[in-house]
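Encoded as structure tokens, the structure appears first; notes follow it.
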């Protein structure tokens with residue numbers, strides 16, 4: 001997915017970028033750093049996802065400094081894992097460092113957020129059968145874009161897809 005598509009979908013006003021300075025010490029590839037500084041992530045997605053860059057460096061989780069927090073799913077930190085080439089994880093237990101795989105990169109995550117939001121806006125008021133078709137189409141697009149997100153059925157996106165199928169999202 002092209003950067004321009006992400007920007008046009010959300011609008012620049014709804015995207016939050018990180019400063020180049022705040023990304024300087026982050027141990028991820030240059031492409032991901034430029035994506036975060038030039039495109040960013042949407043401020044809010046649905047009821048629970050939020051991304052808002054803080055001043056200074058990206059906050060690191062105190063007990064696990066290789067996890068750099070870029071946002072939250074409700075109260076669960078969404079982090080870049082510097083020890084694994086910049087993949088994204090949801091750190092479900094900050095004390096134990098328990099993580100749930102999200103995406104291979106920030107760019108893949110941003111693409112999935114677009115697909116998820118397209119689903120959310122399309123599913124309102126449709127029949128159950130149509131809702132299930134929308135879920136299947138969204139899952140197919142996601143699997144095609146980043147197959148790693150679905151390697152483990154306990155990963156973050158498969159759980160989101162399951163909640164979508166159950167009518168919870």
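Every number in this text was worked out from the coordinates using simple rules, so none of it is lab data. These numbers come from a predicted model, not from an experiment. Cβ atoms come from the backbone with ideal geometry, glycine included; neighbour counts cover every protein chain shown.
FRET efficiency for the pair residue 159 and residue 21, taken as 1/(1 + (r/R0)^6) with r the Cβ-Cβ distance and R0 = 35 Å, rounds to 0.50. Here each label is just a point 7 Å from Cα along the line to Cβ, and for residue 13 and residue 54 those points are 2.8 nm apart.
Of 46, 86, 125, which has the largest mean-square fluctuation in a 10 Å C-alpha GNM of the chain? Fluctuation is largest for 125.
Sorted from longest to shortest, the spans of the Cα atoms of the chain along the three principal axes equal 48, 36, 26 Å.
For the chain, the longest principal axis of the Cα atoms and the long axis of helix 156-165 meet at an angle of about 20 degrees. In a fully extended conformation the segment linking residue 47 and residue 137 would gain 30.2 nm over its present Cα-Cα distance, using 0.36 nm per residue.
Between the helical axis of 106-123 and the longest alpha-carbon principal axis of the chain there is an angle of about 30 degrees.
So for region 31-169, averaging the separation of alpha carbon pairs under 8 Å that are six or more residues apart and normalising by length, what relative contact order in percent results? Reported as a whole number, the value is 16 percent. Length gained on full extension, residue 150 to residue 118: 9.6 nm, using 0.36 nm per residue less the C-alpha separation. The label point for residue 34 and the one for residue 2, both projected 7 Å from the Cα toward the Cβ, are 1.6 nm apart.
In plain terms, the residue of 142, 168 with the fewest other Cβ atoms within 10 Å comes first and the most crowded comes last, giving 168, 142. Per residue, the chain reaches -12000 deg cm²/dmol at 222 nm when only DSSP H runs of four or more residues are counted, each adding -39500 (n - 2.57). Here the relative contact order of region 109-165, from alpha carbon pairs under 8 Å that lie six or more residues apart, stands at 30 percent.
When a footprinting reagent is the concern and you count Cβ atoms within 10 Å, what order do 83, 105 take, fewest first? Kindly include the intermediate steps, with their values, before the conclusion.
On the way: 83 11, 105 20.
Going from least to most buried by this count: 83, 105.
Region 90-145 and region 4-77 have their alpha-carbon centroids 17 Å apart. To the nearest 10 degrees, how steep is helix 128-145 against the longest Cα principal axis of the chain, on a 0 to 90 scale? Tilt of helix 128-145: around 40 degrees.
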